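Report on the following structure.
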Amino acid sequence: MEVPSRWYNIIPDLPLPLPPPVDPPDRDSSSIELLNQILPVEVIRQQFSADRWIDIPDEIKELYKNFGRPTPLLRARRLEEKINTKSKIFFKYEGALPTGSHKLNAAIPQAYYAKKDGIESVITETGAGQWGAAVSLAARTVGIKSTVFMVRSSYDQKQQRRYLMEMYGARVIPSPSTTTAFGRSVHGSGSGSLGIAMSEAIEYALKTGAKYLVGSVLEVVLMYQSIIGLEVIGQLNEIGEEPDVLIGCVGGGSNFAGFTYPFIGSNAKGRFIAVGPAEVPKFSSGKYRYDFPDTAEILPLIKMITLGADFEPPPIYSGGLRYHGVAPTLSMLIQQEKVSSREYGEKISAEAAKMFAETQGIVPALESSHAVAAAIDEAKAADMRGTSSVIVFNMSGHGLLELDNYMKIYGDR
Amino acid sequence: MMAELVIYNTVGFPDPETFFKFVQGACSYVDALELGIPPKFAKYDGPTIRRSYVAVAGTDYMNLLSNVKCRAIALTYLDGLDLEKFLEMVRCTKAVMFPDLLIDHMNRLEEVTEAVKKMSLKNVIFISPSVPDTIIKSASRFADEFVYLGIRPATGVPTPVNVTKLVKRVRVIVDGKLIVGFGLKDNEEIAQAIEGGADGVAVGTSVMKVLEERGESEAIEAVRRLKEYVDSL
Ligand SMILES: Cc1ncc(COP(=O)(O)O)c(C=O)c1O
């Protein structure tokens, strides 16, 4: 299995036209114009491209290879035995990438295209640190600087993640900070939020001329992640398996889309299940409408399933699943019932994660543990029906830098 | 075959008198005028056109439209629109276009195009790069005037796009006339649209800016030069 040489863009294969991003109606300025200023040129071009296939530049392919792509597709035999199922359970292991999650797939091309623009530094924000770590490493490898605004509560608690970014050479600033006007305006108001960190990052990018890198939700980010599903198609082919069910967790939707879109776009048989957290019930309570992708209301409105940009997520440990919306293409596919969705609470997911660690040895990221829970349920449901399914889920990341969270959930034994 | 030129302006912009003089002068250079009627929500418009909607609010659109002597295409958005009243108001034009028809009101495609025809008007079908191949194919059959490909997500906001590529993709799907616009920013992009296989181009924001800042004679001159350029391709 080789690293694929093209990304897949689902836009021309959707069941309906994708509603475009729009400017907020009551403003004189254009938020779409803002994207022009902060994103690398090629990233915007690809965001609005209608090409089904986009060539991956050789340099990016080399970096993908260097960091361990293709990632393994593994069979979870011990888990199958443990739950005594007749189904086969496979998982794609994105935790095998050096920063521990799929995020690196999207950070590398964006850093690469920023450098192509002649830019010397990139900026982003991060919650628990998965995205920030990916950006730090990507920037380092293409030879540019990176600055990461990290939500202050995580900055204080997640010392190892913060240090990982610094080890890669990033400058990590706790947010709210005194570095930006927005940060100063809310400074002292406590532990910060992803929305505040994002506003600071965008303001700082505008001020310094650095490019801003996006971690999820934008179609182009989903496209960069398609490398996951394209590899899985090849890997399943090699072992002669055809999936009946594909499962992934959803924060903004990038790992789920990257994993499933190459299947959905080619009209592959099988069901697709998007799993969210019960504590952030966007699938069951969200509305499909135009909304801000960011709490700070800086970016253009996008049409998506959303709980509202002002939704305040409860403090669950799956930081990556706290997002209030779902990427526009994925929202549409759910609306059109091409993708089904369900929600699991953190307790159930953590139980599944524990079972996975006990059987397969891998500690899933808390985000990914939601997909594990769904895979186990699907296997059990197939047994109840008296059938056997081929179940494939995406393990978007490992949880080794989140053991403190597991410790809080289970207690320090 | 010579490429066509379509010019966009908002009805009554920047004021009824200037608008009228501009239209009279520009008509002889264009194949059609696309005239925007302010919608409830200017979904896909950039700052210039959004401002123009505010500027013309309260104007007698019907009266202005009935004085336009060249081929006119009325344009507005369907969200919150009283379709019957709208068609009544624009019945002196030749055709109508709703940029959000396929995108947010796909289920009304037949109903809306039928209502348009009943008023003896023709349909321009608007598509954007995010419209999937299958729908471009099925929906373009409803275009008895032409298919309009909007190249950018918002008018007048020059996001980097590959114009030739985007047009080529649609060209192989659409059999009838294809006009490309929505944010073409300069002559180079006009040439790229034609190279991609467009039968014509539509220009809005750049001419409106001239009209707003330097008056109708310079705007008419800008249209004349555009015509000359398009003819030279
Ligand atoms: C390991 C992991 N999985 C999943 C997600 C959710 O994001 P997305 O839905 O964009 O894949 C995150 C986000 O931070 C993450 O770190």
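Odds and ends about this structure:
- B:A139 being surrounded by 21 or more Cβ atoms within 10 Å (Cβ to Cβ) and closer than 21 Å to B:Y53 by Cβ: no
- Some residue of the range A:28-51 being within 14 Å of chain B (Cβ to nearest Cβ), at pLDDT below 95, more than 16 Å from the ligand (Cβ to nearest atom) and farther than 21 Å from B:P160 by Cβ: yes
- Hits in the range A:335-347 - residues which are modelled with pLDDT under 95 and over 20 Å from the mean Cα position of the chain (by Cα): A:K347
- Of all residues in the range A:297-315, those that are among the basic types (K, R) have Cβ atoms under 6 Å from Cβ atoms of residues that are at pLDDT 90 or above, 6 or more apart or on another chain, in A:K303/A:P19; A:K303/A:Y290; A:K303/A:P328.
- Subset tally (residues that are touching a strand residue (DSSP E or B) at 6+ places or on another chain (Cβ under 9 Å) and either free of Cβ contacts under 8 Å to residues at least 24 places away in the same chain or more than 14 Å from chain A (Cβ to nearest Cβ) (or both)) for the range B:102-126: 9
- Filter result (aliphatic (A, V, I, L, M), buried (at least 21 other Cβ atoms within 10 Å of the Cβ) and part of a helix (DSSP H, G or I)) within the range A:79-97: A:L79
Every residue, every condition in (1) assigned by TED's automatic domain parsing to the domain that holds A:H398; (2) modelled with pLDDT of 95 or more; (3) within 16 Å of the ligand (Cβ to nearest atom), yes or no:
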position	(1), (2), (3)
A:A107	no, yes, yes
A:Q110	no, yes, yes
A:Y113	no, yes, no
A:G118	no, yes, no
A:V122	no, yes, no
A:E125	no, yes, yes
A:A128	no, no, yes
A:G132	no, yes, yes
A:S136	no, yes, yes
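This table checks each residue for (1) more than 17 Å from B:A202 (Cβ to Cβ); (2) crowded, with 21+ Cβ neighbours inside 10 Å; (3) in contact with a helix residue (DSSP H, G or I) (Cβ under 6 Å, 6 or more places away or on another chain).
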site	(1), (2), (3)
B:D82	yes, no, no
B:A95	no, yes, no
B:F98	no, yes, no
B:N123	no, yes, yes
B:D144	yes, no, no
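- Where helices (runs of 4 or more DSSP H) fall wholly inside the range A:111-224, the ranges with 2 or more residues that are open to solvent by less than 20 Å² (accessible area, probe 1.4 Å) are A:130-142, A:159-167, A:194-208.
Residues checked against (1) buried (at least 24 other Cβ atoms within 10 Å of the Cβ); (2) assigned to a loop (DSSP other than H, G, I, E, B); (3) within 16 Å of the ligand (Cβ to nearest atom):
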site: A:Y288; (1), (2), (3): no, no, no
site: A:G308; (1), (2), (3): no, yes, no
site: A:R342; (1), (2), (3): no, no, yes
site: A:M355; (1), (2), (3): no, no, no
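- Filtered residues of the range B:30-61 (kept if away from chain A (no Cβ under 14 Å) and within 22 Å of B:G150 (Cα to Cα)): B:V30, B:D31, B:A32, B:L33, B:E34, B:L35, B:G36, B:I37
- Selected residue (only one of A:A296, A:A373, A:A365, A:A278 is more than 16 Å from the chain's Cα centre (by Cα), within 15 Å of the ligand (Cβ to nearest atom), away from chain B (no Cβ under 14 Å) and of a type in the set (G, A, S)): A:A373
- Matching residues in the range B:165-178 - criterion: being open to solvent by less than 30 Å² (accessible area, probe 1.4 Å) and more than 19 Å from the chain's Cα centre (by Cα): B:I173
- Of all the listed residues (A:R69, A:R27), the sole one being in a loop (DSSP other than H, G, I, E, B), within 30 Å of B:H105 (Cα to Cα) and not polar (S, T, N, Q) is A:R27.
- Candidate set: the range B:179-207, residues that are buried (at least 22 other Cβ atoms within 10 Å of the Cβ), in a loop (DSSP other than H, G, I, E, B) and of a type outside the set (G, A, S); chosen: the one farthest from the other protein chains (Cβ to nearest Cβ): B:L184
- Those residues of the range A:1-15 which are modelled with pLDDT of 95 or more, open to solvent by 30 Å² or more (accessible area, probe 1.4 Å) and part of a loop (DSSP other than H, G, I, E, B), in sequence order: A:S5
- Restricting B:P160, B:P99, B:P129 to those that are within 11 Å of chain A (Cβ to nearest Cβ), free of Cβ contacts under 8 Å to residues at least 12 places away in the same chain and not acidic (D, E) reduces the list to B:P160.
The values are calculated or read from the model by the stated rules, or taken from the named source; none is laboratory data. Small disclaimer: the values here were computed from a predicted structure and weren't measured. For neighbour counting, all protein chains shown are included, and Cβ atoms are generated from backbone atoms with ideal geometry for every residue, glycine included. When the accessible area is computed, the model is the full protein with side chains, heavy atoms only, and any ligands, DNA or RNA have been set aside. Shrake-Rupley method; radii C 1.70, N 1.55, O 1.52, S 1.80 Å.
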